[in-house]
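See structure below.
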């Protein structure tokens, strides 16, 4: 029969005490935040609030399904897909170039400099990049593409660099010892090892960029987001509802397509 020693009981009691202290601290922070912001969530559950929300939602239905407006939505959806796809593709190429020095392939100084650049690029949110690109390049999809490419380069560059650092060195070393050039040793020894992981990272970021491309339109970067901002600003609720439904459908389709590509890649590798 197993017995629990007094030292083990004291250790377990100490862990439980720490858990309760952490929970109490979190509860205190949440309560202080509500008190500081003067938030009263109970107002959401009053009869007046319920009638207001029901009236607000009812104004969005039925959505506008006229042929002309659906054609506009289709053009906006294609623009959103194009913005996200081109932005992700440009980011993948730029990230791979920056990941090489970030993984320490060219020494300590290029590694520190490239990591600083990648940290800066991904620390600036896409909406901020979009606002800056709209000022630099004007309204339209070009600004949205640049914004997604800049932020995604920072994210993918860090992920690609970690993949390079974790890649097994034996294949490239064997090629180098057999007389191959360093560039060829990388292309044939290291790149095939990390390529499936890099493709998976890029597909995942493309899924996220589809959603973000639909939001960037609120700062004038084109696509469905710009349509939604325009319709909401004019209080065209049925038209806005149709755009929102199109955004949801687009995200579902892209998620399904990306999942299918990843499954196909796993079957090909396995």
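Residues checked against (1) assigned to a helix (DSSP H, G or I); (2) surrounded by 18 or more Cβ atoms within 10 Å (Cβ to Cβ):
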residue	(1), (2)
168	no, no
191	yes, no
196	yes, no
205	yes, yes
Item to complete: Name, by its number, the condition in (1) touching a helix residue (DSSP H, G or I) at 6+ places or on another chain (Cβ under 8 Å); (2) over 23 Å from residue 139 (Cα atoms); (3) in a helix (DSSP H, G or I); (4) modelled with pLDDT under 85 that does not hold for residue 180.
Response: (3)
Worksheet item: Here are 51, 71: which of them is assigned to a helix (DSSP H, G or I) and under 30 Å from residue 141 (Cβ atoms)?
Response: 71
Practice prompt. Report, by residue number, each residue of segment 207-231 that is under 11 Å from the mean Cα position of the chain (by Cα) and surrounded by 20 or more Cβ atoms within 10 Å (Cβ to Cβ).
Written response: 209, 210, 212, 213
Fill in: Residues of segment 95-111 classified as within 14 Å of residue 167 (Cα to Cα) and without any contact (Cβ under 8 Å) to a residue 40 or more places away in the chain, total
0
Worksheet item: So which residues in segment 94-109 are surrounded by fewer than 16 Cβ atoms within 10 Å (Cβ to Cβ) and either assigned to a helix (DSSP H, G or I) or in contact with a strand residue (DSSP E or B) (Cβ under 8 Å, 6 or more places away or on another chain) (or both)?
Response: 97, 108, 109
Practice prompt. Tell me, please, whether a residue that is surrounded by fewer than 17 Cβ atoms within 10 Å (Cβ to Cβ) and touching a helix residue (DSSP H, G or I) at 6+ places or on another chain (Cβ under 6 Å) can be found in segment 142-159.
Written response: no
Item to complete: Would you confirm whether any residue within segment 232-244 is part of a helix (DSSP H, G or I), modelled with pLDDT under 85 and out of contact with any strand residue (DSSP E or B) (no Cβ under 7 Å at 6 or more places or on another chain)?
Response: yes
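The values are calculated or read from the model by the stated rules, or taken from the named source; none is laboratory data. Note that the structure is a prediction, hence the values are computed from the model and not measured. So basically every Cβ, Gly included, is an ideal-geometry build from the backbone, and we count neighbours across all protein chains shown.
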